[in-house]
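Data first, discussion second: the structure below is written as structure tokens.
The values are calculated or read from the model by the stated rules, or taken from the named source; none is laboratory data. This is a predicted model, so every value here is computed, not measured. Cβ sites come from the backbone with ideal geometry, for glycine too, and all protein chains shown count toward neighbours.
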Amino acid sequence: MDFFNQHSALWLLGLATALLATGLVAGVLAGLLGVGGGIVIVPVLYHLFTLLGIDESVRMHVTVGTSLATIIPTSIMSSRAHRKRGSLDAALLKKLMPGVVVGVIVGSIASGFLSGHVLTAVFATVALLVALNMAFKRDGFALADGLPGTAGTMLLGGGIGGVSTLMGIGGGTLSVPILNALRVPMHTAVGTGAMLGTLISVPGALAFILNGLDVPNRPPFSVGYVNLLGFALIVPATLATTGWGAKLAHSIDAKRLRQVFAAFLALTAARMFYGLLT
């Protein structure tokens, strides 16, 4: 509590407003892009925690853990909205699920040993690569027609689950461009990615809670590496706006959807690289 007493009521009100605004934008993106909002929540929380003076040793871990926690209700709402519109492919989800779960487990264990700088570098690098792919991919380009064999799909799901856990994002950030490159229709990739966000965020958030228990220098109102203040302010806003994003996704053509997705990823990567270099 003494930590918060160091700042004025107006300053704290500004912080709360920023968190609510983050939730509003993240909710729209969750429905629009199937990313669970983490692509916005992670960099914003990281910079807010920097302004708050949260210790660098735990800053990125708390950011990722809190983001994963907020993704849980958002991804559930988003996947339900897409399922009603027929853009959630249950057969595709079933094939990817085993690998994703294994990847989440590996990523969760690794997160307990990796430094904040490594987590930040992973987030920025992957976000930039995905953004470049989405921005410059030619129409009709495909790596293959459909998912690879059983072993390949297992590795694919494992990569999506593991990297997404380390980045604190929903599975759509990686699964949408990958599935689209395998000739899965864009809206189907987005809807399926939203459901992957649920599979990733639930065990991922739990792991960050366990990994952060009794760790010093965490911000107040944190359980493990999940900050309850951020969760309480962001989640209501995301739940209120997720449906808007899902409706918007079905009124925008696939090319426009890729452009929006790429723009947000590039902005996120630039912010994180800036944080590493300064």
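Computed quantities for the displayed model
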| read-out | value |
| --- | --- |
| Residue ID - farthest from Leu48 (Cα to Cα), chosen from residues in segment 196-226 that are in contact with a His (Cβ under 8 Å, 6 or more places away or on another chain) and surrounded by 24 or more Cβ atoms within 10 Å (Cβ to Cβ) | Phe208 |
| Leading residue by the ranking (modelled with the lowest pLDDT) among those in segment 222-262 that are outside any helix (DSSP H, G or I) and among the hydroxyl-bearing types (Ser, Thr, Tyr) | Ser251 |
| Residue within segment 100-119 that is of a type in the set (S, T, N, Q) and surrounded by fewer than 23 Cβ atoms within 10 Å (Cβ to Cβ) present | yes |
| Residue check for Ala151: surrounded by 24 or more Cβ atoms within 10 Å (Cβ to Cβ), out of contact with any strand residue (DSSP E or B) (no Cβ under 8 Å at 6 or more places or on another chain) and more than 24 Å from Ala270 (Cα to Cα) | no |
| Leu210 vs. criteria under 29 Å from Gly14 (Cβ atoms) and part of a helix (DSSP H, G or I) | no |
| Helices (runs of 4 or more DSSP H) enclosed by segment 1-62 - at least 1 residues per element that are modelled with pLDDT of 80 or more and within 30 Å of Ile178 (Cβ to Cβ) | 9-33, 38-52 |
| Per-region count, segment 64-106, residues without any contact (Cβ under 8 Å) to a residue 40 or more places away in the chain and among the hydroxyl-bearing types (Ser, Thr, Tyr) | 0 |
| Answer from Val184, Val215, Val190 - the residue that is touching a residue at least 60 places away in the same chain (Cβ under 8 Å), closer than 21 Å to Gly161 by Cα and in a loop (DSSP other than H, G, I, E, B) | Val184 |
